[in-house]
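All remarks here apply to the structure that follows.
What follows is calculated from the coordinates using simple rules that are stated; it is not laboratory data. Please read all numbers here as calculations on a predicted model, not as lab measurements. Don't worry about glycine lacking a Cβ; one is built from the backbone with ideal geometry, like all the others, and counts go over all protein chains shown.
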Amino acid sequence: MAQPKPDTIFAPWDDPTAKPLIQFKNVTKRFGDFTAIDNLTLDIYAQEFFALLGPSGCGKTTLMRMLGGFETPTEGHIFLDGVDIGPVPPNERPVNMMFQSYALFPHLTVWDNIAFGLKRSDMPKDEIGDRVEKMLKLTQLGKFAKRKPHQISGGQRQRVALARSLAKAPKLLLLDEPLGALDKKLRHETQFELMDIQETTGTTFVIVTHDQEEAMTVASRVAVMVDGTLSQVATPDQIYEAPNSTYVADFIGDVNLIEGVIEVPEKGAAKDAVSIRWSSTETPINATSDLGLAAAATVHFAIRPEKVSISTEKPEADNVMSGKILDIAYLGNISTYHVEVAPGLIIKAQATNVRRMSRRNLTWEDHVYLSWTDTAGVVLTS
Amino acid sequence: MNWRARLLIFVPYAWLLVFFLVPFGIVLKISLSDIALAIPPYVPTMKDGFWTMITGLDLENYAFIGAGAVFATFALIVLAVGMFQILYPRVRRALIPDARYGIFDSAAVALTALAVAVVNIAVLVAVLSFLFPILSDFVNIPDFLYFAAYLSSLKIALISTFLTLLIGYPIAYGMARSAEHWRPTLLMLVILPFWTSFLIRVYAWMGILSTEGYLNQLLLNIGIISDPLVILNTNVAVYIGIVYTYLPFMVLPIYAALDKMDDSLVEAAEDLGCTTLSAFWLVTAPLSKPGVIAGCFLVFIPTLGEFVIPSLLGGSNTLMIGKVLWEEFFNNRDWPVASAVAVILLLILIIPIVLFQRNQQGDES
């Protein structure tokens, strides 16, 4: 997806001259027989908000703990600013971590928690006070400076943890499921706060999360991990619109996956046009792909439900299918219709509920038409 | 509804009354009686009639064992500790230079604190010297044995508590840091000695520590020593016995405190620039403090009145109040003096027991 971009957009990963802040080079980590990270190579650039996304047990936390210095790679090297940080202990790395449990010191006040790292550095005493005040202001915790961690709420604790890890102005901040313990509403607010703070401080953030929505919201780039390897590393929109595998397509958001075989192209068809035969009786799906697929190759056609239109009258479109509504999931702002287009094949279509309930005319068992353009979906080979 | 709650509370109170207050009342009465060649070996008894018995009671035994001196000493210790607790943080705060105030302000605060301390001590000394004619009678000790035994018990209890902490903390720390699947086994090993009688285990130490015992034979065979070490029947043997016996009481509360601690706290401390050692002092040690205090009291309180270990492992010059009490009761058949010794011991123990209770409550909140 090499789209032309204005110069102001932050995208050092597209710039071949940019020097990455962090480089993983063929890193492998094993715990006994179990391989947590398998020969992984990755570049992360300065000032990025980088999200590691994956199901639990995919190795994302191990990757982060290696950056923090709590695990050492079994093979390969990790470079920070060009320096191999493998042998550097955690207390000497210019890296700070915000722990999933927040790990606030229960015997110290909020003020002392934030000052903890500064007191261990060679910063003069009067500057420590100023720095702590600044951090309290940044995270709006001024009123709670004298309280102990058990005397404040979960959201405030989260901010103390953030302030404490930012206080030493690290080159790299690691956030391990930072919003996992917050309720949904607070989590959304805090996501934007995190982005603001990341922009104000200009620190590179690496966040580990299993919540795809969170990763999409905050990150400049998202890495989808599975079984210790990276499936795809790209910007949130690329990950969503142009997934490189059925795994990524299925993991991020909702998707319809249709398995089929590439047809021999008709004469005079566009070079990137492909048609996929998914059933012996139905018309093939028309799509585009620049993968140069040979005829008879088995592929998956992936299309997001919101790109499928639903109507009661047959529309003019590149792809039209007819079917019967099996189920309707009403989510308030949108509804998802489960439409059976062929025995055993159910396609999900999403429609925005622009009208009120009583004015809508689609209901269970209705015969409907589904349609989409030839560029709406992606053809995937793996 | 209310009577149910009362009934529920009545059960422990009845227990306390029957098994503690009534026996204590009997011991207290005996301690106020006089020794006699009779059965039971004291007068007056209920046989003399209730009123004669009450009027026949006196504090002679307490005067004999020097209860006044014992109390004066403990009062002084408590006073000194209290004074230290009040003064120490102030002096410390004054001595740490603060950027907001100049060195002269700090010095002024320090001097004021010291001046207050000096004035306090002066006032105390004045009051004491004014009361001296009364007090000198009060603290007069006819038989120094009991006073010395109380002090020696206190010394042995303090030293062995410290030694138990020194050995118990690393054990508890190692247990808490061991792999998850090992912990139940390790915990089991700590509790395992309770499966045999305490008396048998202390007897076993006699076999180990005596001049012909296993320890000496081993050391002689290896060739580290040429003459057998004399350990049994000395205070060293008493310390070994106490540390061995009470180690689980120290290990378990410290282990509980360390086990409760979130491992990521130490990682966070290291992440923020602590070395392994400073992370221990700044995070692990303060968080295990309630466990350490609980363990220390659990060792100190029973050790103070310990009788079996000093009488089996200790020598003739091991002086402990529990042993004195035993000898007074069974060798001298002086029930009144033995009772007085027991009553004073109990009153002394109330202070650490109350402190222990407060520590436990503070831990819960």
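Placing +1 at every Lys and Arg Cβ and -1 at every Asp and Glu Cβ, with all other atoms neutral, what dipole size does the range B:137-271 have around its Cα centre, in debye to the nearest 20?
Numbers: 5 positive and 11 negative charges, 86 e Å.
Dipole of the range B:137-271, to the nearest 20 debye: 420 debye.
With N residues in the protein assembly as shown, what two-decimal value do you get for its Cα radius of gyration over 2.2 N^0.38 Å?
Computed over Cα atoms of the protein assembly as shown, the ratio equals 1.44.
For peptide B:271-284, what's the mean number of Cβ atoms from other chains within 10 Å of each residue's Cβ?
That average works out to 6.
Contact order normalised by length for chain B, with contacts defined as Cα pairs under 8 Å and 6 or more residues apart; what percent is it?
23 percent
If you count, for every residue in A:252-264, the Cβ atoms of partner chains within 10 Å of its Cβ, what is the mean?
Taking the mean over all residues of the peptide, I get 0.
Mind giving me the nanometre distance, one decimal, between the label points for B:Phe104 and A:Asn26, set 7 Å out from Cα along Cα→Cβ?
7.0 nm
With r as the distance between the Cβ atoms of B:Ile225 and B:Tyr13 and R0 = 41 Å, compute the FRET efficiency 1/(1 + (r/R0)^6) and round to 0.05.
It comes to 0.10.
Once label points are set 7 Å from the Cα along Cα→Cβ at both B:Thr185 and A:Asp366, what is their separation, rounded to one decimal in nm?
Result for the modelled spin labels: 6.7 nm.
Starting from a Cα-only point model with no solvent, please compute log10 I(q)/I(0) by Debye for the range B:144-364 at q = 0.09, 0.15, 0.16 1/Å.
For the range B:144-364, the Cα-only Debye profile gives -0.47, -1.07, -1.15.
For the range B:144-364, build the charge dipole from Cβ charges (+1 Lys, Arg; -1 Asp, Glu) around the Cα centre, then report which of B:Gln361, B:Leu258, B:Phe194 sits farthest towards its positive end.
Ranked along the dipole, the leading option is B:Phe194.
Please name whichever of A:Val88, A:Phe99, B:Pro290 sits farthest to the positive end of the charge dipole of the protein assembly as shown, dipole taken about the Cα centre and charges placed at Cβ: Lys and Arg +1, Asp and Glu -1.
B:Pro290
Considering only DSSP beta bridges where both residues belong to the protein assembly as shown, give the percentage that are antiparallel (nearest 5). Write down the numbers at each step before the final one.
Values: 59 of 77 bridges.
That works out to approximately 75 percent antiparallel.
How much length is gained if the chain between B:Thr196 and B:Thr112 is pulled fully straight, taking 0.36 nm per residue apart and subtracting their Cα-Cα distance, in nm to one decimal?
24.4 nm
Just checking the output field for A:96-108: average partner chain Cβ neighbours within 10 Å of each residue's Cβ?
Across the residues of A:96-108, the mean count of other-chain Cβ atoms within 10 Å is 5.
What net charge do the residues around A:Gln47 carry, taking every other residue with its C-beta under 15 Å from that of A:Gln47, with Lys and Arg at +1 and Asp and Glu at -1?
Combined, the nearby Lys, Arg, Asp and Glu give -4.
Select from A:His188, A:Tyr330, A:Ile262 the residue farthest towards the positive end of the dipole of chain A; place +1 on Cβ of Lys and Arg, -1 on Cβ of Asp and Glu, and compute about the Cα centre.
A:His188
Under a 10 Å cutoff between Cα atoms, tell me which one of A:Leu230, A:Leu345, A:Leu63 has the largest fluctuation in the Gaussian network model of chain A.
Highest fluctuation among the options: A:Leu345.
If you line up the long axis of helix A:154-166 against the longest principal axis of chain A, both from Cα atoms, how many degrees apart are they, to the nearest 10?
Once rounded, the angle reads 70 degrees.
For an R0 of 45 angstrom, estimate the FRET efficiency from the Cβ-Cβ distance between B:Met46 and B:Val354 and round to the nearest 0.05.
Calculated value: 0.85.
Treating the beta-carbon of each Lys and Arg as +1 and of each Asp and Glu as -1, no other charges, what is the dipole magnitude of the range A:53-140 about its Cα centre, to the nearest 20 debye?
300 debye
7 Å from Cα along Cα→Cβ at both B:Tyr88 and B:Phe132: what's the point-to-point distance in nm?
Taking the simple label geometry, B:Tyr88 and B:Phe132 are separated by 3.1 nm.
Mind checking the full-extension length gain between B:Lys289 and B:Val22? Use 0.36 nm per residue of separation minus the Cα-Cα distance, one decimal, nm.
Going from the current span to full extension adds 92.4 nm.
From the helices alone, meaning DSSP H stretches of at least four residues, give me the mean residue ellipticity at 222 nm for chain B, per-run term -39500 (n - 2.57), in deg cm²/dmol to the nearest 500.
Values: 17 runs with 268 residues, N = 365.
Rounded to the nearest 500, the figure is -24500 deg cm²/dmol.
Any idea what diffusion coefficient chain A gets from Stokes-Einstein, in µm²/s, Kirkwood Rh on alpha carbon pairs, 25 °C, 0.890 mPa s?
The estimated diffusion coefficient comes to 103 µm²/s.
Which of the aspartates and glutamates could be linked to A:Lys168 by a straight reach, that is with a Cα gap under 17 Å, when you skip same-chain ones fewer than 8 residues away?
Within the straight-line cut-off, A:Lys168 pairs with A:Glu92, A:Asp112, A:Asp122, A:Asp126, A:Glu127, A:Asp130, A:Glu133, A:Glu199, B:Glu267, B:Glu270, B:Asp271.
Beyond 24 Å between alpha-carbons counts as too far, so tell me which of B:Lys47/B:Lys323; A:Lys148/B:Lys289; A:Lys146/B:Lys289; A:Lys119/A:Lys143 fall in that bin.
From B:Lys47/B:Lys323; A:Lys148/B:Lys289; A:Lys146/B:Lys289; A:Lys119/A:Lys143, over 24 Å: B:Lys47/B:Lys323.
How large is the charge dipole for the protein assembly as shown, taken about the Cα centre, if only the Cβ atoms of Lys, Arg (+1) and Asp, Glu (-1) carry charge, to the nearest 20 debye? Kindly include the intermediate steps, with their values, before the conclusion.
On the way: 56 positive and 71 negative charges, 418 e Å.
Here the protein assembly as shown has a charge dipole of around 2000 debye.
Kindly provide the pair-distance distribution of the range A:232-346 built from C-alpha pairs, with 5 Å bins from 0 and whole-percent values in order of increasing distance.
The percentages, shortest bin first, are 2, 9, 18, 21, 22, 16, 9, 3, 1, 0.
What's the extension gain from A:Phe10 to A:Glu316 if we count 0.36 nm per residue and subtract their Cα-Cα distance?
Fully extending the segment from A:Phe10 to A:Glu316 adds 106.2 nm.
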